[in-house]
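Here is the structure we will look at, set down as structure tokens.
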Amino acid sequence: QVRLIESGGGSVQAGGSLRLSCAASGGTFTGSTMGWFRLVPGKDREFVAAVAWGGNAHYGNSVKDRFTISRDVAANTVALQMNSLKPEDTAVYYCAAEIHGFSRYSLDYDHWGQGTQVTVSS
């Protein structure tokens, strides 16, 4: 059974940084894409960033130049370094895995973590 376990959420003041981590287990992730999405109540799930198996990274427009996604394929982990955080970054952040291909759309992802809360105060 595939499991994705996130860690690293918390509260920070605007301008601060947080680092989220996600550990994947229970499956084969060769060729997969690992991504991060976030959810705010009343809004659609938003694409944050994703990294393909080959290392190519893609970012949502609202986080570009502030967030960095990285991946350790040997350890089946993915991290999201979040800098210059803004109050509008407040959300529950979800790690996700797409076993085949690459996508920015949440419906294309096969496995999800339980989510971790990030709160940015002004």
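Here are some notes:
- When a 1.4 Å probe is rolled over the protein heavy atoms, the share of accessible surface on the chain that falls to carbon and sulfur comes to 48 percent.
- For region 1-77, the solvent-accessible area of protein heavy atoms averages 53 Å² per residue (probe radius 1.4 Å; ligands and nucleic acids excluded).
- Computed extension gain for Ser7 through Asp110, at 0.36 nm per residue and net of the alpha carbon distance, reaches 35.1 nm.
- Highest-fluctuation residue, Gly27, Gly35, Gly60 considered, GNM on the chain with Cα pairs under 10 Å: Gly27
The values are calculated or read from the model by the stated rules, or taken from the named source; none is laboratory data. Just so it is clear, the model here is predicted, and its values are computed rather than measured. For accessibility, only protein heavy atoms count, side chains too; no ligands or nucleic acids. Shrake-Rupley method; radii C 1.70, N 1.55, O 1.52, S 1.80 Å.
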